[in-house]
Each structure stands twice: as structure tokens, then as C-alpha cells.
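Chemist: The following block contains the structure, expressed as C-alpha cells.
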Amino acid sequence: MAKFELKLPKMGESVAEATITSWLKDVGDSIEADEAVLEIATDKVDSEVPSEVDGVLVEKLFNVDDVVQVGQTIAVIEIEGDDTAEVKAPAAEPEVKEETPKAVAEVAQTVVAAKETAAPVKSSGDRFYSPLVKNIAKKEGISQAELDSVPGTGKDGRVTKNDIKAYLESRDSAPQSEATTQPAGEQPKLETPSSAKTQEKAVETSVLASGDDEIIEMSRMGKLIAKHMVDSVQTSAHVQSFIEADVTKIRNWRNKHKDNFKKREGENLTFTPIFMEAVAKAIRDFPMINIAVQGDSIIKKKHINLGMAAALADGNLIVPVIKDADQLNLFGMVKKVNDLAKRARENKLNPDDIQGGTYTVTNVGTFGSIMGTPIINQPQVGILALGAIRKVPAVIETPEGDFIGIRYRMFLSHSYDHRVVNGALGGQFVKAVKDYLEAWDSNREI
């Protein structure tokens, strides 16, 4: 039999690797050309890897959560073979064996029969189904009419993976409603209990859930973010420095120019590009903030690529990157910030848009917080949180004496990796950002 090697495709100019998040096909499953075989993630962007040929999956070379390099072979597909029906039957048996109630076993057998007889679903002019959704429908024996009735929450009413999973859970809930162990059976799906510690954690979570509680499975992006945050805390020795900056000049300057800028360019003039410009200048002054750690070595980055944490509609965060931020003037920075923010909200970022960051800025003031202690975005060594701009009474020093006045001020919170950034460097860097903000030229044009 001829065999075809399925390789990880190139996904962007600077994307060199991806993490396998789930296998959509098992060994022995038949695969059609252009049908999704697995799901991958580059940081926070999910993608599917389709097959280029018809055949049968005979080998998986990587497991879930493994990191794969672009161009590496991830699976082997047997091109010629007519034994698909023989290998499908064993794949269905574990589903029946895992559930002991007789009613559940009967449901599982019915689903298996439906898989063999149901016609493949298709997209129509009114309803488009992704390869992943069609694959799930085929695997679960969902008919075309049944899938067409599933409400979609995606763009233009498209049915997402979560939509079809929710439908399947509601469809199967009736025969399983009497099973008291259902919450405990569902919860371990979030983690692979490969150790006693993980199993203990899963059991503890299930015990805490009462009959009136709702158990919500984390989204794919939510799982990735959670793992990313835990890995960062376990990797870096986090320490923070705080400083308060007077941004009265910047606020007044923006109020003076924002309306004309909107009329002229059709875009908003926000505070973010102004803050990004100051951070880029401070990094140029203190290049040892722009580094990464690799074993016992320090990699000093040549380019200043600023990550800009952006909140999504579903509550998750994504960090698009402004490449060579120190090379942009203020006008260019405004254009770049607005473009990335807009495409992030519309879920139109490319994998390359979130790669290569060397330092990250997050605006906790958007949510009303006056300061925060952000977690470092690995493999970087620093992240700056911008607090809310507040109107406060402040002491103003002048040659004629000090007096109390109303000023606009904000806190800057700098988290950094104390393994390689000491307190002096961490404090000097955030002080430099403050100085650039307070030295703003009120006569500047844009």
C-alpha cells in the first residue's frame, strides 16, 4: 500500500511551529481530501490541518499538546485501501464500554448505526459548514436536516464547533439525566489525568459542583491562555515596580486634535499609540529589557516588537504585535494600532500578526482598574500595565512655589523577570516611560 506523509503546512512568514490541540481523526479512520485531520494552535490562533488525499489514517506521530515544527511529518495516511469498514467498528466499542448504564449503551449503538447510514452533510447558500463541523456531524451521525436546525452563534449565523457540541450535549442529556456521576465524568475532559495529582484535582472539582451549579467547559483559546499563564508563573520570577505619571499635557493635546484627525483620516486618535511610542523610546534607552532567556543564555533582540493586549468579545485576550515599533512615527503608530485592534475584534488576525513580540503592553485602565500586576508574556521578560487616567488633586512645583491643582494622572505597573532584570533596571525603565509621557510637546502636530 502506498503511504502519504501529512506535514505541518506553513502558516505565516514568521510562524515556525504550532501546538497540536486535538486530533479530529483516529488511527483507522477514513479521510477524504480537504477533510480536517487535526486542530493546531499558534499561540492563540486556532487552525485546522486538512488532508491532501483520500485514504486511511494509519499513524499519528505526535500527541495532543506536542509542539511541531513547520514541515515536519505529523501523520501517515494510507492512500490505497478498501478496509475502512473493518477498522471503524472497533473505534466505536470504547464509547459503549465506558458507560455502564444499559440505556447509554443503546444510545451509543444507535449513534454507530447512524454514522454508517447518514448521508454526508453539505453547505448551502444559506448555511456554510466548516470542515470541522461537517466532520463532527459525520462522526456523530447528524443528518443534514438535523444540522440545519442547529442555531449558529458564529459570524453570519455560522454553526461553530461549540454550537454543535452544545447541541450534542442537549440531545444526549435525556438518557443520562439520572446518572449522578455526569459532572464528574465531564470534568476530566479538561485535563489528561496522567498523574495522581491531576486525578485528585479533577475529583476535587467534581465534588465542589452541586446539582444547581452549571459546569462550563473552557473554550479552546481559554485553555491555551490558562496554560500560557501557568507556564509563565512557573518559568519567571515575577516582580513589579510602580510609578505614577502626569498625563495632563497628553490628554489636553488629544482633546485638541482628535476631532480633526477623525474628519481627516476617518480613524480615532486614542491614547494607546502615544503610550506605545513612549514605551518604544524607553526600550531603545534600556535594550536589556528587550531580551529573552534560553537556558543559561540571554538573547538580546535586535527588533523592538511591541505586543498590544486586546480584549475580545468572548472575554478572552489576544496580543497582536507592532513590528519595529521604534521605527514608526506617531501617525504610523496610530494607523498600525487601529488596524490591529480592528482586525482583532473582527477575528481577522493572521498567525504572523501575533508572532515575534519582544515586549508587551496591556491597558488595564480600560476596565476601570487604576493599576495591575500583569503576568509576563513568555518568552519575554517584561510587561507594562497602563492604569486608568484619573482627575486628581496634585502638588504642582513651580519656580514661584508649590500649589495644589487638578491634574490627570495614571499608574504604570511594570512586571519583569527577576532572573535577568534587577530592580534598578526594572525601575529605571518604567521611570523612562513616565518621563517621555510627561515631557509631551503640546505643540506637536499629527
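Every read-out reported here was derived from the displayed coordinates using simple, explicitly stated rules and does not represent laboratory data. Keep in mind that this is a model prediction, so the values were computed, not measured. Ideal geometry is used to build each Cβ from the backbone, glycine not excepted, and the neighbour counts take in all protein chains shown.
Chemist: Can you spot a residue in segment 265-280 that is hydroxyl-bearing (Ser, Thr, Tyr) and not in a helix (DSSP H, G or I)?
Modeler: Within segment 265-280, one or more residues are hydroxyl-bearing (Ser, Thr, Tyr) and not in a helix (DSSP H, G or I).
Listed here are the residues, each with its yes/no results for (1) touching a residue at least 12 places away in the same chain (Cβ under 8 Å); (2) under 19 Å from ALA278 (Cα atoms); (3) within 13 Å of the chain's Cα centre (by Cα).
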{"residue": "ASP296", "(1), (2), (3)": "no, no, no"}
{"residue": "ASN305", "(1), (2), (3)": "yes, yes, no"}
{"residue": "ASP314", "(1), (2), (3)": "yes, no, yes"}
{"residue": "LYS323", "(1), (2), (3)": "yes, yes, no"}
{"residue": "GLY332", "(1), (2), (3)": "no, yes, no"}
{"residue": "LYS336", "(1), (2), (3)": "yes, yes, no"}
{"residue": "ASN347", "(1), (2), (3)": "yes, no, yes"}
{"residue": "GLY357", "(1), (2), (3)": "yes, yes, no"}
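Chemist: Taking the criterion of being closer than 21 Å to LYS139 by Cα, in a strand (DSSP E or B) and hydroxyl-bearing (Ser, Thr, Tyr), would at least one residue in segment 29-40 satisfy it?
Modeler: Yes, segment 29-40 contains a residue that is closer than 21 Å to LYS139 by Cα, in a strand (DSSP E or B) and hydroxyl-bearing (Ser, Thr, Tyr).
Chemist: List the residue pairs whose Cβ atoms are under 7 Å apart, where the first residue sits in segment 235-249 and is surrounded by 16 or more Cβ atoms within 10 Å (Cβ to Cβ), the second is acidic (Asp, Glu) and not in a strand (DSSP E or B), and the two are 6 or more positions apart or on different chains.
Modeler: The qualifying pairs are ALA245/GLU438; ASP246/GLU438.
Chemist: Let me ask something else. Can you tell me which residue among ILE396, ILE404, ILE446 is β-branched (Val, Ile, Thr), farther than 16 Å from GLY307 by Cα and touching a Pro at 6+ places or on another chain (Cβ under 9 Å)?
Modeler: ILE404
Chemist: Going by the conditions given, is ALA394 in a strand (DSSP E or B) and either closer than 24 Å to LEU224 by Cβ or among the hydrophobic types (A, V, I, L, M, F, W, C) (or both)?
Modeler: For ALA394, the condition - in a strand (DSSP E or B) and either closer than 24 Å to LEU224 by Cβ or among the hydrophobic types (A, V, I, L, M, F, W, C) (or both) - is met.
Chemist: If you don't mind, there's one more thing I want to ask. Taking the stated definitions as given, is GLN327 among the polar types (S, T, N, Q) and within 30 Å of GLU48 (Cα to Cα)?
Modeler: So GLN327 does not fit the description; no.
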